[in-house]
Amino acid sequence: MNGKVVRRPVEFHAMEFVEYIKTPKVDSVTLHRPFYARVEGTLCLTGHHLILSSRKTNTEELWLLHSNIDAIEKKFVGSVGHLTIKCKNFMIIQLDIHGMEECLNIASSIEMLSNLSKVTLTYPFFYRPMSDALEDGWQAFLPESEFARVTGDEWRLSHVNKNFQVCPTYPQTVVVPKAVDDDCIMQAAAFRQGGRFPVLSYLHSPNGTVILRSGQPLPGPNGKRCKEDEKLVNSALGVGKRGYIIDTRSYNSAVNSRSKDFYLILFPPGGGFETEAHYPQWRRVHKPLDRFSNLQESLTKLMEACNKNTNSMDKWLGHLGASSWLSNVKEVLTTACLVAQCVDRESSSVLVHGSEGLDATLQITSLAQIILNPDCRTLRGFEALIEREWVQSGHPFASRCAKSCYAGSKLKCTGPVFLLFLDCVWQVIQQFQCSFEFNEQFLILLFENAYASQFGTFLCNNEHERQILKLSEKTQSLWTYVNRPQILEGYINPLYQPNSSVIWPSVAPQSLMLWSTLFLRWDMDNTSNDSTDKEIRKIQQNDKQLKTRAIQLRKQLSELQREALEKGLISE
């Protein structure tokens, strides 16, 4: 999957793709790829895959999704064309093709097939799983079941967004304060960016405090207020309680957003922030985090550093620092820890938002839950978190993950927001290795599928778009595949010991590391890590067998002692 070297059944390209494929097959193509000897074989193009197979025995095929291709570079030496294919999962391979025409045709076809504009032509709509589904992943984490335990005296499930009529990027079912009716919510939604009114993200059961998320308010240059929004926000607090509004923009950006002339360029009709006069129970704190466009530039610089061949430690560290990637990791983790601290240690509820509430907001609410809630550190709980806080909450995966680090600035809406979140989770796992049921391979699986996948989970930008395309009927969910026992066992952390405590990760610079098994995995051999996990599982299995045998022997000993007592062979 996504560029891994595997054996697959033969795939034929459908009629929809015939016009894109000028040369469907080329012989005597040489493949160069990391950690493998070069292979000469036949290159085939289908509607969704680039396939290279060799007639040599014990040589595995390469199946590469076109949607995983980020950029392609052409170079000719005589009559031989060299295609360098750079993938969204950071893998770089080279194909040597004899004949300029064949090489140009292949390159042209790959460029068209890797940039299909029609979603229904992508692979998830054509993929047919080889085995029966044990569970429908589309039904696994519905809002009604996920939030059933938090509704009660103070919170309720609302269907105010039925048919997505109030907010196109929210799910149809949300959790809101019971004291606020749906008419009030609709008025508040009109006062929030994109209609993203404050909704419940997390209820901290030990003290009843909550995390809310929303888009920014829209007071505009005239300081307009909305009493319904004020009521909705204040209803989240108990009598005499105070809360914090964590704004992921700088103070200057928030102030400037109120200016029509400045802000109408991006977000009509003029943004802003909650003034203390109208929200007296709330204290606003600005924790500026980089927007997706800056993160895209940061990732590009990071991968440039990772791909540079240098023996100088100073140069390597200089390039790494210049990317600001670890600085972004630090800032996001710091803000998430602040939210968790407000909730757990100060018993104060928190509302998180930036501008749209689609990117940094979701990073913070998700990470705060991982810190606070042990259920989110289980594999099933983490899946639910991804579905609830990212997929259903409207993170625009289709826009943000359309391109990765090698495509340059071709698309203005791309940005590795989800990848940065996964990196932050990885950092926490390094500090609490026994507190997470899942391993880093599960994080890498999520990263790869967000950018290129045979599943429909990360397609589109929100639930409304997914419903229009009927993804739950026409594609398979990633969770359907992952939660099969034989697949799931590969993503289990063998060191896991349930930890019901709140965990507090260090955000000191010396505590944060480059995620080398992701960003450098095509430059370094990670088989030793796999061997270690296998050895740990083997030891655990032996330990389990020995404990079972010990129980059996104790039972046999007890029976022998009883028989000996009955026969008078021994005394008590």
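The values are calculated or read from the model by the stated rules, or taken from the named source; none is laboratory data. Fair warning: this is a prediction, and the values are worked out from it, not measured in the lab. Glycine also receives a Cβ, built like all others from the backbone with ideal geometry; neighbour counts cover every protein chain displayed. Note: areas computed on protein heavy atoms with side chains; ligands, DNA, RNA excluded. Shrake-Rupley method; radii C 1.70, N 1.55, O 1.52, S 1.80 Å.
Check which residues have an amide H placed less than 5 Å from D70's amide H, if you skip close sequence neighbours.
Counting only residues 5 or more places away or on other chains, the set is K86, C87, K88.
What's log10 of I(q)/I(0) for the chain at q = 0.10, 0.11 Å⁻¹, Debye sum over Cα points only, no solvent?
With one equal scatterer per Cα and no solvent, log10 I(q)/I(0) is -0.91, -1.07.
Quick check: with the 1.4 Å probe, what order do R377, R549 take by accessible area, largest first? Present the calculation step by step, with values, prior to reporting the outcome.
Numbers: R377 0, R549 115 Å².
I get R549, R377, largest accessible area first.
In deg cm²/dmol, rounded to 500, what helix-only [θ] at 222 nm does the chain give when every DSSP H run of at least 4 residues adds -39500 (n - 2.57) and the total is split over its residues?
On the way: 20 runs with 206 residues, N = 572.
Taking each H run of at least 4 residues, the total per residue is -10500 deg cm²/dmol.
Please sort by residue number the chymotrypsin sites (Phe, Trp or Tyr not before Pro) in the stretch 406-443 whose DSSP state is loop and whose Cβ has at most 12 other Cβ atoms within 10 Å. List each step's numbers first, then the result.
On the way: sites: Y406, F418, F421, W426, F432, F436, F438, F442; in loops: Y406, F432, F436.
Loop-located and lightly packed - none at all.
Taking a spot 7 Å from the Cα of Q431 along the direction of its beta carbon, which residues of the stretch 338-362 have an amide N less than 18 Å from it?
Zone members listed by number: 338-346.
Let me cross-check D27: its accessible surface, 1.4 Å probe, with only protein heavy atoms counted, in Å² to the nearest 10?
Counting only protein heavy atoms, the figure is 90 Å².
Not counting ligands, DNA or RNA, and with a 1.4 Å probe, what is M513's accessible surface area in Å² rounded to the nearest 10?
M513 has an accessible surface of roughly 90 Å² with all protein chains in place.
Probe radius 1.4 Å, ligands and nucleic acids ignored: give me the carbon and sulfur share of the accessible area of the stretch 416-572 as a rounded percent.
Within the stretch 416-572, the accessible surface is 51 percent carbon and sulfur.
With the calculation restricted to Cα positions, what are the radius of gyration and Dmax of the stretch 399-490 in angstrom?
15.1, 42
Where the accessible area of the stretch 347-396 is counted over protein heavy atoms with a 1.4 Å probe, how much of it, in %, is carbon and sulfur? Numbers along the way, then the final one.
Values: 280 of 570 Å².
Result for the stretch 347-396: 49 percent of the exposed heavy-atom area is carbon or sulfur.
Under 11 Å from the Cβ of W504, count the other residues' Cβ atoms, weight Lys and Arg +1, Asp and Glu -1, and hand me the total. All intermediate terms of the calculation are to be shown ahead of the outcome.
Values: positive: R345; negative: D344.
The answer is 0.
Could you do me a favour and compute the accessible area per residue for the stretch 458-506, 1.4 Å probe, result in Å²? Provide the component values of the computation, followed by the final result.
On the way: 2390 Å² over 49 residues.
With all protein chains present, the stretch 458-506 gives 49 Å² per residue.
Could you rank the peptides 183-189, 502-508, 154-160 by their average count of other C-beta atoms within 10 Å per residue, with the highest value first?
By packing density, highest mean first, the sequence is 183-189, 154-160, 502-508.
Considering only protein heavy atoms, what per residue accessible area in square angstrom results for the stretch 13-93 with a 1.4 angstrom probe? Before the final figure, lay out each step's value.
Values: 3790 Å² over 81 residues.
Averaged over the residues of the stretch 13-93, the accessible area is 47 Å².
Before I look further, what does the stretch 135-242 give for accessible area per residue, probe 1.4 Å, in whole square angstrom? Before the final figure, lay out the partial values.
Numbers: 4650 Å² over 108 residues.
Accessible surface, normalised per residue, equals 43 Å².
Rank by packing, highest mean first: peptides 161-169, 40-48, 71-79, with packing defined as the count of other Cβ atoms within 10 Å averaged across residues.
40-48, 161-169, 71-79
Quick one: pull the percent of accessible area on the stretch 92-200 belonging to carbon and sulfur, 1.4 Å probe, ligands and nucleic acids left out. Please report the intermediate quantities before stating the final value.
On the way: 2580 of 5110 Å².
Ligands and nucleic acids excluded, carbon and sulfur reach 51 percent.
Largest first, how would E276, E146 line up by accessible area (1.4 Å probe)? Intermediate results must be reported in sequence, preceding the final value.
Details: E276 115, E146 30 Å².
The ranking, largest first, comes out as E276, E146.
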